[in-house]
Amino acid sequence: MSLLRPLRLTFVLCVAAQASGVPVASTQERAPASGPSPSRLFDPRRPPGRELETSVADGFTLAAVGDCIISRPLAPALPRDAGFASVVKILRDADAAFGNFENSAIDIREFKGSPHAWSGDWALLAQPEVARDLKALGFDILARANNHALDWGLEGMRETDRRLDEAGLVHAGTGEHRGAARAARYLETEKGRIGIVSMASTFPEFAEALPPRGQAPGRPGVNALKTTRLTFVTPAMMRALVTISDALAAGRKDCPGPQETAAADPACSTTQRQAVRRTVGYYQRNLPYMRYDDYLARGWPIGTGVVEGACGHLVKDRMQQAGMRWTQTGAQAVLDLRAVRLNGDWDAYWQAHRQRQHQRLYAAATPLPAVVEDQALEFAA
């Protein structure tokens, strides 16, 4: 068992702690608040204070560890290892104990699948008895979304999930499709109900659970958390980059170009020079669009997630189904209808459209009764 991996597990523990009323301490000073007021980020009809209210009484304890990577049952070692026994006592005495099961509990003698390790990583393997052993050690809830969940393919993921179920362990993060992998799982205790949501930001591409599309079923796998790195540049840093760029431009004659290979200076790499110029040029071109402090103050999103999510839901989910081929005119027509429908404006739009058409054709303001065409167009969107 190792220490927590920050990105994958801290979120899970914070969710569990908030759901149970347990305070989560931090060793880092909280950064000063910036940007829009947090209240603007929530539905005013569901204030955070009310949403976070719990019925869990004071005194609830949650024990949490990091990665549970064990290959055989460890409970037999308790009588002869006092240090290990003291740690297990903490798990058993807690109202709930959490860990990240980064392994596959399968019976290799009868297993019908094969290893699926990626990027030269090891395919981890645990004896099937490990599931019940973790329960005996005091564990109650386990995270399953991690980069080793599919070390032994879908067969290994499914067998591991089944053995954890049989052992009475609550686990989340894997499933037969994305909805199941993302779903929360719950542990009922004498002092309250604990929820867990598990996700992984490091995973092989084939391990990501996907939703159903049309008649195609969803893909089993892990709940994948995709992140986008943003680099914030202060005005001072921007000025420094421009100074570097100007200095390189002024001294360019001292660095031989690619055509001067015979007299090239080893200390002045062409590749490095080109990389710096590309970076500085990018910031110079896009500086007018990088006023992130102003955007945050206005409550505007600065990441690409909103745009990517809209493109996926608005365009890809409708236009890239099996066997579809589109002309630009036809695709634009369908997307126009879909945008109206997804925005919840279909009834108002169609009523206004029919009124305009009726006025144009009959010079009268009373629209015609609804026809099947209305329903057909909405279905197409």
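In order along the stretch 143-156, phi translates into HN-Hα couplings of 8, 10, 7, 6, 6, 10, 4, 10, 4, 10, x, 5, 4, x Hz, rounded to whole numbers, per the Karplus curve 6.51 cos²θ - 1.76 cosθ + 1.60 with θ = phi - 60° and x for Gly and Pro.
Note on K191 and F206: the extension gain reaches 1.4 nm, defined as 0.36 nm multiplied by sequence separation minus the Cα-Cα distance. In this structure the amide hydrogen of L125, modeled in the peptide plane, comes within under 5 Å of the amide hydrogens of S104, none closer than 5 places in sequence on its chain. Residues in the stretch 205-248, backbone N under 19 Å from the label point at Q272 (7 Å along the Cα-to-beta-carbon vector): list them, ranges by number please. So the set is 241-248. Amide H contacts of A64: F98, each under 5 Å away and 5 or more positions distant or on a separate chain (H built 1.01 Å from N in the peptide plane; Pro and chain starts excluded).
Any read-out appearing in this document is the output of simple, stated calculations on the displayed coordinates, not a laboratory observation. Computed from a predicted model, the values in this text were never measured in an experiment. We place every Cβ from the backbone using ideal geometry, glycine too, and count neighbours over all the protein chains shown.
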